[in-house]
Amino acid sequence: MSGYLEPPTSFDRHVGRCLRASRMALGLSLAEAGTLAGVHTMSLQSWETGRRTCPLETLIALAAFYRARVTDFLP
């Protein structure tokens, strides 16, 4: 898992791009998506940019929120 001091992995960046694309497809800002999905805006931003690994439980919840399957976010 990517932590604060570890460089982002290609997996983290891919998941992040998919999260961002899903949010943008719904026309939501980071703040709107964070509030509606129940996650901190800064965390969502870190996951979308691939700077941090999105926890599996959160990825599952975000996939449901974005009306997607978890596998849609995987490489």
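Only Lys, Arg, Asp and Glu carry charge here, each on its Cβ (+1 for the first two, -1 for the last two); on that basis the chain has a dipole of about 160 debye about its Cα centre.
Summing Lys and Arg as +1 and Asp and Glu as -1 over all other residues whose Cβ lies under 14 Å from the Cβ of LEU36 gives a net charge of +1.
Here the relative contact order of the chain, from alpha carbon pairs under 8 Å that lie six or more residues apart, stands at 43 percent. If you compute volume of the Cα convex hull per residue in Å³ for the structure shown, which of [x] 104; [y] 73; [z] 91 do you land on? Computing volume of the Cα convex hull per residue in Å³ and matching it to [x] 104; [y] 73; [z] 91 gives [y]. Charge tally for SER46 (other residues, Cβ to Cβ under 11 Å; Lys, Arg +1; Asp, Glu -1): 0.
Within the chain, the whole DSSP H helices whose Cα atoms reach 15 Å or more along their own axis and whose mean Kyte-Doolittle score is at least -1.0 are 10-25.
None of the figures in this text is laboratory data; all of them are computed from the coordinates on show. These figures come from a predicted structure and were not determined experimentally. Note that we place each Cβ from the backbone using ideal geometry, even for glycine, and neighbour counts take in every protein chain shown.
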